[in-house]
Amino acid sequence: MDFETYLRFLLVLVFVLGLIGALAYLAKRLGLGGRLAPTNAGRHRRLGIVEVQPLDGRRKLVLIKRDDREHLIILGQNTETVVETRIGADGSFAAQLQRESGA
C-alpha cells in the first residue's frame with residue numbers, strides 16, 4: 001500500500017466520524033435522545049426522588065418530591081399505593097395543614 005491509500009483511508013474515517021457527530025448533535029437538538037437526553041437541562045427541576053427504602057422483596061417505599069410537597073408511595077410489581085400526601089418540604093404534615101388552613 002502506498003501513501004495515497006493511507007491518506008484516502010484517513011480522510012474517509014474523519015468524514016464518517018464527522019457525520020456521526022453531526023447526526024448525534026442534530027438528534028439531541030430535536031429531542032430524539034430518548035431517556036439518555038435530559039428533558040429539562042439547565043432549568044429548575046420540579047420533580048425528584050428524595051429517598052427509596054425496600055420493604056420486602058417485592059415492594060419499595062418511595063418518597064417523591066414535587067415542587068414544595070412530598071408524597072409517600074409504596075411501589076409493588078403491579079401496584080402503586082399512595083400512603084401519605086401533602087407532606088411539607090420540612091417533613092411536618094401538621095405544620096403544612098396549619099399553613100393551608102390559615103390557623
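The values are calculated or read from the model by the stated rules, or taken from the named source; none is laboratory data. Computed from a prediction, not measured in an experiment: that's the story for all the values here. Here Cβ is always computed from backbone atoms with ideal geometry, including for glycine, and neighbour counts include all displayed protein chains.
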> What is the number of the single condition among (1) at pLDDT below 85; (2) part of a loop (DSSP other than H, G, I, E, B) that ARG86 does not meet?
Replying inline: (2)
>> Yes or no: the stretch 23-46 includes at least one residue that is touching a Leu at 6+ places or on another chain (Cβ under 9 Å), part of a helix (DSSP H, G or I) and modelled with pLDDT of 85 or more.
In response: yes
> Restricting the stretch 49-76 to residues that are among the β-branched types (Val, Ile, Thr) and exposed (fewer than 13 other Cβ atoms within 10 Å of the Cβ), which is farthest from the chain's Cα centre (by Cα)?
Replying inline: VAL52
